[in-house]
Amino acid sequence: MKKIRKIISLCIIGIMMFQHTGITSYATGVVAEELTAPSGISYSDIPPAIENYVEEHKETTTGMSVAVYDENGVIYQNHFGYADKENGLVIDENTVFDWGSVSKTLIWINVMQLVEQGKLDLEEDIRSYLPEGFLTNLTYDEKITMLDLMNHQAGFQEMYLGMQTSNEDEVVSLEEALKSNQPKQVYKPGTVTAYSNWGAALAAYIVQNISGMDYVEYVHKNIFEPLGMEHTSIGAILDDNAWVKQQRENIVGYDINGKKIPGKGISYCLLYPVGSATGTMEDFLTYARAITPNENSDCPLFEKQETLDLLYTATSYYGDSGVPNNYHGFFANQLGVETIGHGGNTFHHSSMLAFEPDSGMGMVVMVNQAHEQVYNYDMYELIFGKFADSELASIEREVPKGIILVARTIKEGPLSFVGATSITGYSQEDLNCWWYQEGDYIYGGYSDSFIHTGEAIINLIGMLLFLLAGGYGSITLVGGGFICPLIQKAIHKKNEPHRCHPFRKWNYSMSGIMTIIIVDFLIMFMRLTNGTLCGDMGSVAGYMVQSGILGFMAVVLMVCLLWGIMSWIKKGIADTKAEKVKYCITIFLAICMLIVIIKFNMYQFWAF
C-alpha cells in the first residue's frame, strides 16, 4: 500500500512538474495531418514528439516554453516546469525570460529600417555615423562597414570585463559603456568572423545617432508598438516596462543540470542592446512570426517587402564553399535543412529563434537555464531534421589536424591568457555538423576557428610551463620548507648540526613567490571562466587588485631571481650535483613564469 501511495505521489509531482496547455492553430480548411515539417514529421505528431522529448529530459529540466509555427499560424505552443522550482511557481503565459543575444536581431531589424529609409548605407565607413575620434583602439586603417558589424567581421577581439553588473546603480548610458571599454581590433576588417558583443552594441549606438532617438525609445516605437509587444522590455534595467521588471523577479535561473544558480538571479547588461530584451513567450512568438518570410502577408516592420528579402540575403559564407554563414546579422544553422535565426544566453536563461525561410516554418524556445542546449539546439532536429540527413553531410571532409585557436577570444592585452587556454581540436564526432576548412582557417558556426599551429603551440607550452612553475614552487615550499625540516629535526639530535646550503633559503623564497603568483592567477582565472568578473564593477575592481598583485609579485620574483644568479656567479655553488640541478630548475621555471606574465600582459591591472 505504501508503495502504491508513493507511486501515486510521484505521478502527481510529475504532472505538476510538466503541466502544460498545448495550443494548436491552423488556417481554415487546412488539414493538419496532411502537412509535414521539414524533418518529415506530420503536424499532428509534433505535440506528442515534443512532449515525449521533454519527458526524456525531465531530470535536468527546470522550466521551458516552446512554440512551433508556420505561415498559417501557431501549430503548437506549450509551457513546462517551474519558474521557481523551490517555491513551486510554474511556467505560464505571464512568465518572462531573458532573450540574451537574440536581442541583437532587434538591432539588425532597426538597421534595415534605416537602410530602407535611405538614412544608412551598409557599405559606408561607420566612422561617418559616429562622433569624431569615437573609436580609439583600432589597429587597421581600412574602413569598417555596417556589414562588417552584422557579420561580426569588424576585427574586434572578445571582452570579458565591463559587460554585466548586478547593481542597477552601475548602469551607464550606451555611449559611456562603449567608450569606457573598447576592445582592441586584432583582425583586419572583413577577414575573420569573431563574434563581438561590443561590435553589435556599436551598431545599436549608430542606430541611436542616425535616428536621433534613444535606442530603447526607437525599439519601442519601431518594433514593439507595431507588433503589439506590450510584455517585453529592452531597457538596461527593464525600467521601460514596469510589468516585465516585476515579473522578472519571479523567475529563478538554473544551470544545465537543474541546479539553482546562486546570487540575485538577474544581472544587467551594460551593452544592453545586445542582450537585455526580456519578455513573455507570446511576445517572443509574435516577433518571430513577424520577421519570418510569409507568402500570405508582408512583414509589418518594413514598408517594402523587398527589405525583408534583402535582410535574408547571405552576407558571409563558410570560406569559398558557397554555404551561407550570416544573413545581415542572422546566423545560418545547418540541420536537415538550413535555418536562419539567433540563439541567446545570459547568466540565467537561454533562448533560440530559428525558422526555415522556404517553408515559413519556425520554432522559438525560452528556458530558465544558462547555456542550455537540449532544447535550444538539439530539439530543433524534431522540426528541421538532422544534419546527417542533409545534402551537406554527404560531402567528404577530413578531420582537421593540429592545434586550433578560436578567433573569438582575447588575443592581446592583460586577459590574453584566457585566449591561450581556448585551444581545442576536432574529433570525428564534430563531423556531425557543418564546418569548412580552407587553408589555415576552419569556418564554423558563430565564430571562425583557425589552425595556427605555431602560435598555438607557443601559447600552450608557455601556459603549461607557467602552471608547472607554480606547482613546482608549491611542492618545493611545502615539502622542502616545512615537511623536510620537521623530518630533519626528528632524525638529528638536538645539538647535532646538519648541513644547510646558503642557497636553500633563496630557493624557498623563490618557491614561495611562485606559489603566490600561481594561486593569485588561478583565482583570477576561475572568476573569469565562471563569469563572476562580469557580475559587477566591484568584481572588476577585484580583478584589478589581483592583476596588481600579480604584477608586483612578478617584480619581486625578478629581483630575487637576479640576486640569486649574481650571487651564484660571485660565490659559486659548493654543493652536490642534485642541489645544483634543483637550483637550475628553479631559475628556469622562474624565467618561464616571468616571460608568460610579460607575454600575456598579466601585470597590466590598469587595462582590461
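The values are calculated or read from the model by the stated rules, or taken from the named source; none is laboratory data. Keep in mind that this is a model prediction, so the values were computed, not measured. Cβ sites come from the backbone with ideal geometry, for glycine too, and all protein chains shown count toward neighbours. Keep in mind that these areas ignore ligands, DNA and RNA; they rest on the heavy atoms of the full protein, side chains included. Shrake-Rupley method; radii C 1.70, N 1.55, O 1.52, S 1.80 Å.
In vacuum, with every alpha carbon of segment 211-250 counted as one equal point scatterer, what does the Debye formula give for log10 I(q)/I(0) at q = 0.17, 0.23, 0.30 Å⁻¹? Two decimals, please.
-0.43, -0.72, -1.02
Using only the alpha carbons of the chain, determine the length spanned along each of the three principal axes and report them from longest to shortest in whole angstroms.
102, 78, 54
Mean separation of Cα pairs under 8 Å and 6+ residues apart, divided by the residue count of the chain: what relative contact order is that in percent?
Relative CO of the chain lands at 15 percent.
For residue 304, go through the aspartates and glutamates and keep the ones whose alpha-carbon is under 13 Å away, minus same-chain ones fewer than eight residues off.
Those aspartates and glutamates meeting the cut-off are 116.
How would you order 119-125, 153-159, 358-364, 178-184 from highest to lowest mean count of nearby Cβ atoms within 10 Å?
153-159, 358-364, 178-184, 119-125
Explain nothing, just the number: relative contact order of segment 309-431, from Cα pairs under 8 Å at least 6 residues apart, as a whole percent.
15 percent
If Lys and Arg each add +1 and Asp and Glu each add -1, what is the summed charge of the other residues whose beta carbon sits under 12 Å from the beta carbon of residue 208?
With Lys, Arg at +1 and Asp, Glu at -1, the net is -3.
Please sort through the DSSP H helices of the chain and keep those with an alpha-carbon extent of at least 20 Å along the long axis and a Kyte-Doolittle average not below -0.5.
2-17, 197-211, 453-475, 502-529, 537-571, 577-599
Taking the Cα centre of the chain as origin and charging only Cβ (+1 Lys, Arg; -1 Asp, Glu), how large is the dipole, in debye to the nearest 20?
The calculated dipole for the chain is roughly 5020 debye.
How long are the three semi-axes of the equivalent ellipsoid of segment 129-208, in whole Å, if each is the root of 5 times an eigenvalue of the C-alpha gyration tensor, listed from largest down?
22, 14, 11
Once the other residues with Cβ under 13 Å from the Cβ of residue 350 are scored (Lys, Arg +1; Asp, Glu -1), what is the net sum?
-4
As a check on your grasp of the helix formula, calculate [θ] at 222 nm for the chain: sum -39500 (n - 2.57) over DSSP H runs of n ≥ 4, divide by the residue count, round to the nearest 500.
Taken over the chain, the calculation gives -11500 deg cm²/dmol.
Would you mind telling me the share, in percent, of accessible area of the chain contributed by carbon and sulfur at probe 1.4 angstrom?
That fraction is 56 percent.
When you count, for each residue, the other Cβ atoms within 10 Å and take the mean per peptide, how do 232-239, 313-320 rank with the highest first?
232-239, 313-320
Quick check on my link table: of 179/260; 184/260; 401/599; 221/264; 260/411, which ones sit more than 28 Å apart, alpha carbon to alpha carbon?
The pairs that break the limit, which is 28 Å between Cα atoms, are 179/260; 184/260; 221/264; 260/411.
Order 248, 504 by their accessible area, 1.4 angstrom probe, all chains in place, largest first.
Final ranking, largest accessible area leading: 504, 248.
I need the peptides 34-42, 107-115 ranked by packing, meaning the mean over residues of other C-beta atoms within 10 angstrom, with the highest value on top.
For the peptides 34-42, 107-115, the packing ranking is 107-115, 34-42.
Report P(r) for segment 295-387: all Cα-Cα distances, bin width 10 Å, range 0 to the bin holding the largest distance, values in whole percent.
Percent of pairs per bin, in order: 16, 42, 34, 9.
Would you mind getting me the FRET efficiency between residue 230 and residue 55? Use the beta-carbon distance for r and R0 = 22 Å, nearest 0.05.
That pair, residue 230 with residue 55, gives E of 0.10.
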